[in-house]
Structure formats: C-alpha cells, structure tokens
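What follows is a set of notes on a single structure, which appears directly below.
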Amino acid sequence: MTAKKGITILGATGSIGVSTLDVLERHPESFHIVALTANNNSEKLYEQCLKFRPDYAVMVMADAAEQLQSRLANTPAEHTTVLGGADALQYVVSLENVDYVMAAIVGAAGLLPSLAAAEAGKRVLLANKEALVMSGKIFMDAIHENNAELLPIDSEHNAIFQCMPVANGAVSKGKNGVEYILLTGSGGPFRDRDLKTLKHVTPEEAVAHPNWDMGRKISVDSATMMNKGLEVIEACWLFDVPEDRIQVVVHPQSTIHSMVSYNDGSVLAQLGNPDMRTPIAYSLAWPDRMTSGVAALDFFELARLDFEKPDFQRFPCLRLAYEAHRMGGYASIALNAANEVAVEAFLNRKIRFTDIPLLVEEALEHAPSGTPSILNDILVQDSSSREHTESWIKNNKISLS
Ligand code: NAD
Ligand code: MG
C-alpha cells in the first residue's frame with residue numbers, strides 16, 4: 001500500500017476549497033489533511049475541522065483564530081492546532097508531511113503562501129491565478145529550482161495540460177508541433193446584453209454566472225471577461241507560449257474546457273460537465289486518474305456546441321490583459337491590483353460595472369515598463385497600484401473623466 005499523501009488547503013472555506021474537500025472525502029485511503037486555512041469565516045472552518053480533523057487550522061484574522069481554538073476544545077477535533085495570522089499560511093504549506101498544496105486563496109493574498117509551497121518543493125495545485133499573473137517568471141523559476149510540481153486547477157489550463165504532448169514541462173510554439181492554444185470562455189452573463197445597459201448592472205446580476213458556481217470575485221471577473229484575460233497571462237506562464245499564440249474562443253455552453261491546435265491540423269480538446277471537481281481530481285491523481293463525483297457528459301442531452309469570436313468592445317478587460325502582458329510584469333501586477341480593488345468597490349456598490357475597465361486602464365497607464373526580478377518589487381508595485389486605484393475611487397475621478 002502506498003503512503004497517504006499529506007495535503008494543505010489554502011482557502012478551504014471557498015468554492016474551490018469546498019470542492020477539493022468533496023473530492024478528498026471520496027478517497028480517505030489516499031490522503032491525509034494536514035491543514036485547512038481561511039481568512040475570517042470561523043463558522044465554516046469550525047464545521048470543516050469537526051468533519052475532517054486536520055492537524056492544523058489557520059485563520060488569518062487573529063481574533064477569529066482565538067474563537068475557533070476555544071470552540072474546538074472538547075470536540076472530536078480538539079487535537080487540531082489553531083494558528084492565527086498570514087505568516088502561519090507559509091508555515092502550514094512548508095511542513096514536512098505536506099506533499100500537496102491546494103492554492104485556492106482568492107487574489108494577491110495568495111501570492112506569498114503559493115510561492116512558499118513552490119519553494120518548499122511541493123506539488124502545487126494552482127487555482128489562485130492572480131498569484132501567477134503577479135509573479136510570472138519568479139513563480140515558475142521557484143517551481144523548477146525546487147523540483148516542485150505545478151498542476152493547474154483552472155479548468156481551461158487543466159484542459160490544456162491534458163491536451164499537451166508533454167505532461168508536465170515547458171511546451172512552447174514549435175515544440176512538439178503545438179501551434180495555438182484555444183482558450184474557451186462562456187462569455188459570462190452579459191454576452192448578449194444590450195451594451196447601453198451595462199452601466200446599470202448590479203452586483204447580483206454580475207455574480208450570477210450561467211454555468212459555473214464560483215466565489216464572488218471570479219464571478220465578476222467572468223462577467224467583465226477579466227477572468228479570461230488573467231487566464232491568457234496564466235497560460236503564457238504555465239505553457240511558455242507568447243500571448244499571440246493564445247486565441248480566446250467564446251463557447252457559451254462551457255463544455256469544451258479548452259483546446260490545443262497542432263501543426264498537422266489536429267485539435268485536441270478536453271470536454272466535461274462544468275464542475276471543478278474534475279480538474280481537482282485530475283491534479284490530485286496525476287499521472288493517474290480517480291473518481292471525482294462528476295457525471296460523464298451526455299452528448300444527446302448536449303445536442304449542440306456554439307463558438308464565437310470575443311468582442312473586445314463589450315469586454316475591454318480582455319483587451320487590457322493582452323496589452324498588460326505585452327507591456328511586461330509591472331503592468332500585469334497593476335492590471336491585477338486595480339482589478340481587485342475595482343471589483344471590491346463594485347461589489348460594495350461604490351462604482352459602476354463599466355468603471356472596472358476604466359480603472360484598470362488608468363492603472364496600466366501608470367505602470368512602469370519592464371518586469372520585476374525580485375519579490376519585493378512585485379509587492380511594492382501591487383500596493384502602489386492599489387493606492388492609485390483606491391484614490392481614484394475615493395475622489396470620484398472616474399465619473400469625472
Ligand atoms: P472564494 O471567494 O469562494 O474563496 C476564497 C478563499 O480564500 C476563502 O477560503 C477565503 O477564506 C480565502 N481568503 C480570502 N481572502 C483571504 C486573505 N486575505 N488571506 C487568506 N485567505 C483568504 O473564491 P474561489 O471561487 O474559491 O476562488 C479561489 C481562487 O481559485 C481564485 O483565485 C479564483 O480565480 C480561482 N478559481 C476559482 C474557480 C471556481 O470555480 N471557483 C475556478 C477557477 C479558478
Ligand atoms: Mg477558468
């Protein structure tokens with residue numbers, strides 16, 4: 001019998017975290033849960049601790065950690081060690097008995113712990129695309145230099161990974177006959193909406209994705225198609241391809257999760273029901289496969305698959321992401337930071353939906369050219385772009401521009 005794999009889940013209480021636990025629960029003989037982490041949702045982490053009994057539970061908010069520790073006393077999870085603060089995230093990814101790290105924190109907050117997992121030589125299951133968009137080469141170098149493994153959880157990148165000739169390595173244009181990556185995206189809830197009404201979109205409408213059930217930030221990103229933009233940059237880093245070799249294909253049914261086009265005319269695609277448990281199970285079991293709880297596709301139910309070109313006028317965020325990647329690493333950091341701040345402000349009803357790309361464009365105009373070579377420069381650019389966007393929102397400059 002092979003030993004159980006130890007796993008830490010960063011962002012256990014989120015949409016990806018919960019799907020990961022659902023898959024792990026189906027394979028108790030193969031995995032041991034070392035740590036579960038959350039930002040401030042102590043209620044959900046409490047329930048997860050009772051059910052999964054991890055060695056460690058981390059709450060970033062220190063007072064929430066204290067609360068959790070006292071609630072776990074005299075329960076079946078009383079042996080769980082509760083830690084508080086962001087530094088504890090890096091500790092629980094680096095522990096010796098951790099083999100796999102699910103990196104499923106949303107946004108820039110996931111960068112340091114995801115990078116720590118790479119530096120500790122773990123198998124990194126990367127859902128946190130923002131971390132890779134921000135750190136690009138530094139992240140990929142950390143993976144290679146520490147003999148870590150990087151398995152993409154994003155459904156598109158997981159699909160591409162499955163369609164690539166080299167299972168886990170740099171696959172670039174010209175190598176192995178790969179010509180293009182065809183990155184599919186549903187187009188979100190506003191694909192057909194009258195353009196003139198987009199400025200009146202509410203947070204409730206924006207988070208109601210037609211096919212996927214996800215966290216609020218990525219749902220808004222899907223509505224602006226910034227999500228696809230971030231994914232273009234993510235794919236460039238993961239598969240070592242330039243951005244002009246990545247074609248976004250709007251595919252409203254979200255059945256084909258992405259494709260790879262080869263120089264002999266072959267196009268390989270990965271298909272499945274839109275359920276993140278498939279890429280999660282694939283990455284946990286790789287190079288094998290294991291059950292995920294997801295039903296197989298019924299092609300007679302599907303009946304048809306549709307495809308469209310992306311509309312850059314409707315989705316300026318997609319154009320801005322291509323532009324940012326062309327500009328360099330600082331611009332990608334600025335794009336991500338401004339977008340995170342703008343999405344939060346939109347969800348809090350401080351700005352309009354259509355202000356999001358305006359704020360991102362403004363941040364790009366202020367980004368220096370070039371690419372940071374050390375982590376500290378990434379963090380400095382991230383905070384400076386955040387401050388810039390926050391001040392634009394606070395001073396209401398967007399509606400004046
Ligand atoms: P979510 O909002 O549902 O969950 C986010 C998790 O991160 C929570 O556990 C939360 O406690 C934690 N978190 C939030 N802020 C934090 C902070 N400052 N410090 C530490 N932890 C913090 O998000 P999600 O939908 O699960 O997405 C997670 C990541 O996976 C995102 O990067 C997203 O782009 C990516 N992703 C998600 C999906 C999906 O289907 N949900 C698909 C592909 C990629
Ligand atoms: Mg995706």
*Could you grab me the full set of residues in segment 208-227 that are surrounded by fewer than 22 Cβ atoms within 10 Å (Cβ to Cβ) and either more than 22 Å from Val249 (Cβ to Cβ) or away from ligand 2 (no atom under 12 Å from the Cβ) (or both)?*
Ala208, Pro210, Asp213, Gly215, Arg216, Lys217
*Just one of the numbered conditions (1) within 16 Å of ligand 2 (Cβ to nearest atom); (2) open to solvent by 10 Å² or more (accessible area, probe 1.4 Å); (3) out of contact with any strand residue (DSSP E or B) (no Cβ under 7 Å at 6 or more places or on another chain) is not true of Ala104; which one?*
(3)
_With the structure loaded, tell me whether Gly121 is more than 19 Å from Leu335 (Cβ to Cβ) and either within 16 Å of ligand 2 (Cβ to nearest atom) or out of contact with any Ser or Thr (no Cβ under 6 Å at 6 or more places or on another chain) (or both) or whether it fails that test._
yes
_Among residues of segment 1-24, those that are in a helix (DSSP H, G or I) and free of Cβ contacts under 8 Å to residues at least 24 places away in the same chain, counted_ = 1
*asked:* If I ask for residues that are open to solvent by 70 Å² or more (accessible area, probe 1.4 Å) and within 8 Å of ligand 1 (Cβ to nearest atom), which ones from segment 1-43 would you list?
replied: Asn39, Asn40
*Would you mind finding the one in Ser254, Ser258 that is touching a Ser or Thr at 6+ places or on another chain (Cβ under 7 Å) and part of a loop (DSSP other than H, G, I, E, B)?*
Ser254
*Could you tell me which of the residues Asn128, Asn97 is open to solvent by less than 10 Å² (accessible area, probe 1.4 Å) and touching a strand residue (DSSP E or B) at 6+ places or on another chain (Cβ under 8 Å)?*
Asn128
*Having 1 or more residues that are within 14 Å of the chain's Cα centre (by Cα) is the bar; report the helices (runs of 4 or more DSSP H) wholly within segment 115-223 that clear it.*
129-145, 155-163
_So Arg193, is it more than 16 Å from ligand 1 (Cβ to nearest atom), open to solvent by 10 Å² or more (accessible area, probe 1.4 Å) and within 24 Å of Val360 (Cβ to Cβ)_ = yes
*Could you figure out which of (1) within 28 Å of Leu320 (Cβ to Cβ); (2) more than 15 Å from ligand 2 (Cβ to nearest atom); (3) surrounded by 15 or more Cβ atoms within 10 Å (Cβ to Cβ); (4) at pLDDT 95 or above isn't true of Glu205?*
(3)
_Cβ-Cβ under 6 Å, sequence separation 6+ or interchain: first residue in segment 145-163 and farther than 21 Å from Asp99 by Cβ and touching a residue at least 24 places away in the same chain (Cβ under 8 Å), partner of a type in the set (S, T, N, Q) and away from ligand 1 (no atom under 16 Å from the Cβ). Which pairs?_
none
*Determine if segment 272-290 includes at least one residue that is aliphatic (A, V, I, L, M), outside any helix (DSSP H, G or I), within 30 Å of Glu362 (Cα to Cα) and open to solvent by less than 50 Å² (accessible area, probe 1.4 Å).*
no
*Assuming Thr255 fulfils every condition listed in (1) modelled with pLDDT of 95 or more; (2) open to solvent by less than 10 Å² (accessible area, probe 1.4 Å); (3) over 21 Å from Thr278 (Cβ atoms) apart from one, which condition is it?*
(3)
*For segment 63-80, name all the residues that are open to solvent by 60 Å² or more (accessible area, probe 1.4 Å) and of a type outside the set (Asp, Glu).*
Gln67, Gln69, Ser70, Arg71, Asn74, Pro76, His79
_Residues satisfying the stated conditions in segment 359-391, i.e. over 22 Å from Phe139 (Cβ atoms), in contact (Cβ under 8 Å) with a residue 12 or more places away in the chain and open to solvent by 30 Å² or more (accessible area, probe 1.4 Å)_ = Glu361, His366, His388, Glu390
*asked:* The conditions are (1) at pLDDT below 95; (2) at negative phi, and Ala142 fails exactly one of them. Which is it?
replied: (1)
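The values are calculated or read from the model by the stated rules, or taken from the named source; none is laboratory data. Keep in mind that what you see is a predicted model, and the values were worked out from it rather than measured. A quick note on method: Cβ atoms are made from the backbone with ideal geometry, for glycine too, and the neighbour counts reach across all protein chains shown. We work out accessible area using only protein heavy atoms, side chains counted, and drop any ligands, DNA or RNA first. Shrake-Rupley method; radii C 1.70, N 1.55, O 1.52, S 1.80 Å.
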